[in-house]
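Below is one structure; the comments refer to it alone.
Just so it is clear, none of the values below were taken in a lab; they were calculated from the coordinates. Bear in mind that the values here come from a model prediction, so they are computed numbers and not experimental data. Every residue, glycine among them, receives a Cβ derived from its backbone with ideal geometry; neighbour counts consider all protein chains shown.
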Amino acid sequence: MAPLVNKIAEVYGARLGKTIDPMKDVLVTLGANAALSSYVNAFSNANDQVVAFEPMFPMYIDHGEFSGGNIKGIPLALDANGIWQFDPAVLRAELSKPETKVFIFNTPHNPTGKVFTVAEMQAISDILDDCPHVLVLSDEVYEFLTFDGLTHTPFATVGNNWNRTISAYSGGKLMNATGWKIGWAVGPAKLIRNGAIVANSVYYCFNTPGQVAMANSLDACTAANYNEAGETFVQSTATMFVQNRDSIT
């Protein structure tokens, strides 16, 4: 729907520091999971490799297997300070392989909760500069859900990443309305187009009322004074998650 893609282009153009063409640089999908599926299947084929940090969201494995490819996990390990870290050499070795076609990057990370720093993303970007055969599929559905002083930086804004990255987002996660299944992908038109072909072939159209609701809500969810504390809607969600976490730890 034009109202939704126009609003996505406006909001995410500001976040990504780009002028977004709503009709070419945005794909609205049947939830963010459908965006992941569309782009994994658009850019990888049988015997290709899809790389992701592990532990990982299990659906990454499903999408890779559905495409006929192989999933390679790059371990995240806790260091002495309790921070999840990865070995850049191991990542480089896998991304450099010619059979690697897709790198699924996820921040904030499910299930560890890791929020990748700009320095870490720049290190990954430097590796990718030597791997022009790899599409980055940046899963940022929890972009709004950071706490303990951490902040989210979109992967596409770091280094040269815009030109090789599809960023996937979830209206269902953002609005606590997962069952509505509204997601979107943002990236260069030359990359967006391939996933759109797959998406159009698989589910074609969906949930017009949900798209209208998301178009009307993207601005509202970051407006002040949603609650008596003066928080925005997304800030109130993060506050609730902190309270839930603290109550069980």
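Under 19 Å from the Cα of LYS97, which lysines turn up, not counting those fewer than eight places away in the same chain? Output for LYS97: LYS72. For a straight C-alpha distance cut-off of 28 angstrom, the lysines reachable from LYS18 (same-chain residues fewer than eight places away being disregarded) are LYS7, LYS101, LYS114, LYS173, LYS181, LYS190. The separation of segment 92-113 from segment 187-249, counted between C-alpha centres, amounts to 23 Å. Summarising the strand pairing of the chain, around 35 percent of its internal DSSP beta bridges are antiparallel.
Give, in whole angstrom and from largest to smallest, the semi-axes √(5λ) of the equivalent ellipsoid of the chain, with λ running over the eigenvalues of the Cα gyration tensor. Working shown, then result.
Numbers: eigenvalues 146, 113, 52 Å².
For the chain, the ellipsoid semi-axes come out as 27, 24, 16 Å.
Comparing ALA229, ALA238, ALA220 in a Gaussian network model of the chain where C-alpha atoms under 10 Å apart are linked, the largest mean-square fluctuation is found at ALA229. Only helices enter this figure: runs of n ≥ 4 DSSP H residues, each worth -39500 (n - 2.57), summed and divided by the residues of the chain, yield -12000 deg cm²/dmol at 222 nm to the nearest 500.
With the contact rule set at Cα under 8 Å and sequence spacing of 6 or more, what percent relative contact order holds for segment 69-175? Mind dumping the intermediate values first?
On the way: 138 pairs, mean separation 26.1, N = 107.
Taking the mean separation of contacting Cα pairs over the length of segment 69-175, I get 24 percent.
Summary of packing: across the peptides 138-147, 56-65, 113-122, the per-residue average of other C-beta atoms within 10 Å ranks them, highest first, as 138-147, 56-65, 113-122. Taking the Cα centre of the chain as origin and assigning +1 to Lys and Arg Cβ atoms and -1 to Asp and Glu Cβ atoms, the resulting dipole is close to 620 debye.
Only aspartates and glutamates eight or more places from LYS24 in sequence, or on another chain, were considered; those with a Cα closer than 17 Å are GLU10.
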